[in-house]
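Worksheet for the structure shown next.
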Amino acid sequence: MKNLFIISIVIFIFTACTNHKELGSQLFEKGEYELAITHFEEVLELDPRNEMMLYNAGRCYEELGQYEKAIKKYDKSIYYKRDLTIAYLGRGRSYFKSENYKSAVIDFGNTLYYDDQNEDALYYGALSFMKDSIYGKAQKAFTELLEMNPDHYKARYNRGILYAIQANTLFALSDFNNLIRNKKLLKNAYYNRGIIYQHMNNFNWAIHDYSKAIELGLENENIYLKRGKCYSNIQQNRNACKDYQELAKYNEEKAREYLIKYCNVANL
């Protein structure tokens, strides 16, 4: 009789855990993270050492932008299962999103220790180095990822940015040309290639690329200012003035400065 009671309790706990796990997973997929947490926590009430439920709760907190809570859940998950690769990756992302790049790098390294082909760990590790201005290691990581997966366009884009920062113009152009050729991140690729051409004093090509970026929907203070300067450099003052007028939508003070200087306009 006692054995039957114990078996009944075990079946009850197993059924309850399974139901809460499934409901939590369904809610997570729908983006209802707060409700999902309640179900994962119900499982943890019955099974506090369940590393996957700790991980799932961490993912919910991460999606909610509550990174400290996410990190604590990932900590516990890793404590109970030292080789849980996805928990290192999740904790690394949470550190990255909370701008703790040094801790993020460590966790992405831990992820790669258990899974040396993990593209997310390589990518976010490279971004962490980049954010921390450790450009050599960032470039190496992006290159390693691209050797593994040449179609990883986000890695190619960020490596292009790195090359540009380091004045490796030809390599930067190569990466942005690749993105444009393969129609990936087009407006940003055109914009950044335009910046490179402008630094090379190739103002016509810079204007072409800025115009393509605007055509694709990239409109902000910098793009109109940069294109306006290019027009000014090739004495197309009418077009330059049009761009400085567009600039006024984003920064009236700066627009006024350029309109007075190049367009003899005192008031907007």
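The values are calculated or read from the model by the stated rules, or taken from the named source; none is laboratory data. Please read these numbers as outputs of a predicted model, since none were measured by experiment. As a convention, Cβ positions derive from the backbone with ideal geometry for all residues, glycine included, and neighbour counts pool all protein chains shown. The area values use the complete protein model at the heavy-atom level, side chains included, leaving out ligands, DNA and RNA. Shrake-Rupley method; radii C 1.70, N 1.55, O 1.52, S 1.80 Å.
With the cut-off at 1.5 for a/c, could you classify the chain from its C-alpha gyration tensor as rounded, prolate or oblate?
The shape class here is prolate.
Quick one: 3J(HN,Hα) in Hz for segment 241-256, Karplus 6.51/-1.76/1.60 with θ = phi - 60°, rounded, Gly and Pro as x.
Values per residue, Gly and Pro as x: 5, 4, 5, 5, 5, 5, 4, 4, 5, 10, 8, 5, 4, 5, 4, 4 Hz.
Please report how many Lys pairs in segment 80-181 have alpha carbons closer than 22 angstrom, counting only residues at least 8 apart along the chain or sitting on separate chains.
Lysine pairs satisfying the spacing and distance rule in segment 80-181 number 12.
Treating only the Cβ of Lys, Arg, Asp and Glu as charged (+1, +1, -1, -1), what charge dipole size does segment 125-191 show about its Cα centre? Round to the nearest 20 debye.
Computed about the Cα centre, the dipole is about 220 debye.
Which of the listed residues, TYR79, LEU259, ALA248, is farthest toward the dipole's positive end in the chain, when Lys, Arg count +1 and Asp, Glu count -1 at the beta-carbon?
LEU259
Counting each DSSP H run of 4 or more residues in the chain as -39500 (n - 2.57), what helix-only mean residue ellipticity at 222 nm follows after dividing by all residues, to the nearest 500 deg cm²/dmol?
For the chain, the value works out to -25500 deg cm²/dmol.
Only four residue types carry charge here, +1 at the Cβ of Lys and Arg and -1 at the Cβ of Asp and Glu. Report the dipole size of the chain about the Cα centre in Debye, rounded to the nearest 20.
For this selection, approximately 920 debye.
What accessible area per residue, rounded to a whole number of Å², is obtained for segment 40-175 using a probe radius of 1.4 Å?
51
Using the Cβ atoms and a cut-off under 15 Å, what net charge is assigned to the surroundings of SER94, where Lys and Arg are +1 and Asp and Glu are -1?
+3
Points 7 angstrom from Cα along the Cβ direction at ILE260 and ASN237: gap in nanometres?
About 1.7 nm, to one decimal.
Rounded to the nearest percent, how much of the accessible area of the chain (1.4 Å probe, protein heavy atoms only) is carbon and sulfur?
Percent of accessible area from carbon and sulfur atoms in the chain: 49.
Residue by residue through segment 26-32, what is 3J(HN,Hα) from phi via Karplus (6.51 cos²θ - 1.76 cosθ + 1.60, θ = phi - 60°)? Round to whole Hz and write x for glycine and proline.
Those phi angles translate into 5, 5, 4, 4, 7, x, 9 Hz.
Among the trypsin sites (Lys or Arg not before Pro) in segment 162-268, which ones are in a DSSP loop with at most 15 other Cβ atoms within 10 Å of the Cβ? Mind listing them?
LYS183, LYS249
Report the one residue of TYR67, TYR153, THR169 whose Cα lies farthest in the direction of the positive end of the charge dipole of segment 53-169 (charges on C-beta: Lys and Arg +1, Asp and Glu -1; origin at the Cα centre).
Farthest along the dipole direction, towards plus: TYR67.
Provide the per residue accessible area, probe 1.4 Å, for segment 198-268, rounded to a whole number of square angstrom.
61
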